[in-house]
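The values are calculated or read from the model by the stated rules, or taken from the named source; none is laboratory data. Just so it is clear, the model here is predicted, and its values are computed rather than measured. Positions of Cβ are generated from backbone atoms using ideal geometry, with glycine treated the same way; all protein chains shown enter the neighbour counts. Just the protein is used for accessible areas: all its heavy atoms, side chains included, with ligands, DNA and RNA removed. Shrake-Rupley method; radii C 1.70, N 1.55, O 1.52, S 1.80 Å.
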Number of protein chains: 2
Amino acid sequence: MAREMIRQGGRSARIQQAVHAATQALLAEVGRAAINVPMIAERAGVTPSTVYRRWGDLAQLLADVAAERLRPVADPEDTGSLEGDLRAFVLQYAEEMSSKVGRGLMRDVLAETGSDAAASRCCSYTSAHLETIRARALGRGEAGFDIDAAVDILIAPICYHILFSDRDPTPEYVLSLLARFRALTGESPVRAIHRKKSARVA
Amino acid sequence: MAREMIRQGGRSARIQQAVHAATQALLAEVGRAAINVPMIAERAGVTPSTVYRRWGDLAQLLADVAAERLRPVADPEDTGSLEGDLRAFVLQYAEEMSSKVGRGLMRDVLAETGSDAAASRCCSYTSAHLETIRARALGRGEAGFDIDAAVDILIAPICYHILFSDRDPTPEYVLSLLARFRALTGESPVRAIHRKKSARVA
DNA sequence: CGCCTTAATGCAATTTATTTGCGTTAACGG
DNA sequence: CCGTTAACGCAAATAAATTGCATTAAGGCG
């Protein structure tokens with residue numbers, strides 16, 4: 001009856017796929033600066049109004065596409081030890097994100113004005129990977145680690161330097177972050193003291 | 001002769017000031033989502049084409065205005081000790097940046113597509129404050145600290161959580177970051193191993 | 001399977017934003 | 001004070017975004 005809600009199958013899904021594909025293709029061909037909605041719509045074989053109605057504007061479409069591209073395709077590499085897994089993951093993370101396209105994706109994800117959906121998705125991808133690595137370590141009988149601390153000490157600095165482009169996260173720098181994380185682990189780790197994001201008043 | 005370059009005085013400066021003021025006023029009145037270039041131009045008493053020619057587009061204008069607003073108006077508070085100065089500064093930083101407007105400014109700064117000018121400016125404001133605090137500490141005969149490490153451990157996590165909006169940087173959380181920073185200071189601090197951002201090839 | 005409801009789309013008209021050419025104003029260096 | 005030209009205003013032209021209405025096709029139900 002009145003409970004139709006969102007449609008997901010058939011044409012709707014095909015169009016979403018076509019628009020995503022067209023956007024990615026154009027991003028690669030002409031670059032983010034020279035892209036616009038009518039261009040994407042034409043390439044995808046739909047009318048611009050369809051894109052505007054489904055995504056709102058270019059920024060939200062780009063954020064959606066970027067979040068999709070940042071979705072991991074595989075679990076982090078299993079090197080046989082927590083130490084190795086963490087190093088491999090963070091080194092790869094830094095390399096991918098500091099590339100031209102990685103930085104572009106990151107900025108598109110954050111530029112979304114309407115909601116934080118895309119940014120939250122990316123954030124949880126990273127956490128999920130770290131949790132996978134921790135679960136794997138625990139399965140081996142190794143000690144685990146604090147995911148939140150890993151995000152703070154390893155991931156956050158990398159993102160900061162990429163976004164504000166004051167420094168380049170070289171492998172040496174990433175290794176130094178790992179050394180710092182190791183130095184803090186085993187002592188009294190800083191616990192996660194914060195509310196989960198709720199209604200922010202001001 | 002051929003060395004006229006950019007004009008800075010008189011009308012040009014007045015217009016820049018008027019446009020900045022109009023943008024800030026409209027941001028406060030109608031919000032970032034409902035703003036556009038013609039609206040700003042009318043409020044500032046100039047034609048839209050002037051704004052487009054000087055700033056390029058709305059995103060770059062907003063980035064410029066946001067960077068301007070994020071420019072510190074005063075030195076960080078002098079509490080009498082490095083410990084207190086650092087705590088006061090980071091607590092205030094987290095509070096200002098995590099507010100609705102602070103988060104908006106941060107995103108506007110990062111949304112700038114053309115260059116990283118605005119982002120770099122903001123970044124250097126923070127470093128400058130930390131340097132002020134360090135110089136003050138050294139003047140008192142206290143030990144200094146590594147600015148880069150402070151950015152990595154104190155500032156970066158706060159920015160990360162604000163931008164990706166997965167957590168709220170509460171005062172308790174900020175204090176825990178300060179505790180972590182203290183734990184690392186005095187031991188073998190991680191040195192700044194990275195090149196300054198140069199030509200990135202890929 | 002066929003019918004019904006309605007979300008999602010296409011199309012076209014309208015509105016709004018952006019770009020551009022050209023004449024005018026005024027900053028800056030003699 | 002004068003000349004040069006960057007920066008601006010104005011208005012026309014182009015392009016993008018919005019919107020009303022007709023059409024298509026998901027998904028639920030008998």
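Identify the single condition in (1) at the interface with chain A (Cβ under 7 Å from one of its Cβ atoms); (2) more than 30 Å from A:Ala33 (Cβ to Cβ) that B:Thr132 does not satisfy, given that it satisfies every other one.
So B:Thr132 meets the others, but not (1).
Within segment A:76-84, does at least one residue satisfy the condition of being within 13 Å of DNA strand D (Cβ to nearest atom) and of a type in the set (S, T, N, Q)?
As a first pass, look at segment A:76-84 and keep what is within 13 Å of DNA strand D (Cβ to nearest atom): none.
Within segment A:76-84, none of the residues are within 13 Å of DNA strand D (Cβ to nearest atom) and of a type in the set (S, T, N, Q).
Note down all Cβ pairs under 7 Å where the first residue falls in segment B:51-79 and is without any contact (Cβ under 8 Å) to a residue 60 or more places away in the chain, the second is within 16 Å of DNA strand C (Cβ to nearest atom) and in a loop (DSSP other than H, G, I, E, B), and they're at least six residues apart or on different chains.
From segment B:51-79, the pairs are B:Gly56/B:Gly114; B:Leu58/B:Asn36; B:Ala59/B:Glu112; B:Ala59/B:Thr113; B:Gln60/B:Glu112; B:Gln60/B:Gly114; B:Ala63/B:Glu112.
Go through segment B:156-176 and report how many residues are in a helix (DSSP H, G or I) and facing chain A (nearest Cβ under 7 Å).
Pass one, segment B:156-176, residues in a helix (DSSP H, G or I): B:156-163, B:171-176.
Applying the additional criterion that residues be facing chain A (nearest Cβ under 7 Å) yields B:156-157, B:159-160, B:163, B:172-173, B:176.
Matching residues across segment B:156-176 total 8.
Being within 14 Å of chain B (Cβ to nearest Cβ) and either closer than 18 Å to A:Glu112 by Cβ or modelled with pLDDT of 95 or more (or both) narrows it down to one of A:Ala44, A:Ala28, so name that one. I'd like the intermediate steps shown before the answer.
Numbers: A:Ala44 fails: within 14 Å of chain B (Cβ to nearest Cβ).
Among A:Ala44, A:Ala28, only A:Ala28 is within 14 Å of chain B (Cβ to nearest Cβ) and either closer than 18 Å to A:Glu112 by Cβ or modelled with pLDDT of 95 or more (or both).
Does B:Val51 count as farther than 27 Å from B:Ala156 by Cβ, more than 14 Å from chain A (Cβ to nearest Cβ) and not polar (S, T, N, Q)?
Values: farther than 27 Å from B:Ala156 by Cβ: yes; more than 14 Å from chain A (Cβ to nearest Cβ): yes; not polar (S, T, N, Q): yes.
Yes; evaluated as a whole, the condition is true for this residue.
Given the conditions (1) in contact with a Pro (Cβ under 9 Å, 6 or more places away or on another chain); (2) assigned to a loop (DSSP other than H, G, I, E, B); (3) among the small types (Gly, Ala, Ser), and given that A:Ala74 satisfies all but one, which numbered condition is not satisfied?
Only one criterion in (1) in contact with a Pro (Cβ under 9 Å, 6 or more places away or on another chain); (2) assigned to a loop (DSSP other than H, G, I, E, B); (3) among the small types (Gly, Ala, Ser) is unmet by A:Ala74, namely (1).
Taking segment A:53-71, which residues are touching a Phe, Trp or Tyr at 6+ places or on another chain (Cβ under 7 Å) and part of a helix (DSSP H, G or I)? Talk me through it step by step, then tell me what you get.
Filtering segment A:53-71 down to residues touching a Phe, Trp or Tyr at 6+ places or on another chain (Cβ under 7 Å) leaves A:61, A:64, A:70-71.
Passing the criteria: A:Leu61, A:Asp64.
Given B:Gly84, B:Gly102, B:Gly139, B:Gly114, which one is within 12 Å of chain A (Cβ to nearest Cβ), assigned to a helix (DSSP H, G or I), surrounded by fewer than 21 Cβ atoms within 10 Å (Cβ to Cβ) and at negative phi? If you could, list the steps in order and put the result at the bottom.
Details: B:Gly84 fails: within 12 Å of chain A (Cβ to nearest Cβ); B:Gly139 fails: within 12 Å of chain A (Cβ to nearest Cβ); B:Gly114 fails: assigned to a helix (DSSP H, G or I).
Unique residue meeting the criteria: B:Gly102.
Given the options B:Ala44, B:Ala22, name the one that is within 13 Å of DNA strand D (Cβ to nearest atom), buried (at least 17 other Cβ atoms within 10 Å of the Cβ) and over 24 Å from the mean Cα position of the chain (by Cα). Break it down into steps so the answer makes sense when it comes.
On the way: B:Ala22 fails: over 24 Å from the mean Cα position of the chain (by Cα).
After ruling out the rest, the residue left standing is B:Ala44.
Against the definition (closer than 22 Å to A:Ala118 by Cβ, surrounded by 11 or more Cβ atoms within 10 Å (Cβ to Cβ) and either of a type in the set (Asp, Glu) or assigned by TED's automatic domain parsing to the domain that holds A:Gly139 (or both)), how does A:Asp78 come out, yes or no? I'd like the intermediate steps shown before the answer.
Numbers: closer than 22 Å to A:Ala118 by Cβ: no; surrounded by 11 or more Cβ atoms within 10 Å (Cβ to Cβ): yes; either of a type in the set (Asp, Glu) or assigned by TED's automatic domain parsing to the domain that holds A:Gly139 (or both): yes.
Taking the combined requirement at face value, the residue does not satisfy it.
Starting from segment B:25-40, take each residue that is open to solvent by 60 Å² or more (accessible area, probe 1.4 Å) and list its partners that are among the acidic types (Asp, Glu), counting only C-beta distances under 9 angstrom and pairs at least six apart or across chains.
B:Arg32/B:Asp108
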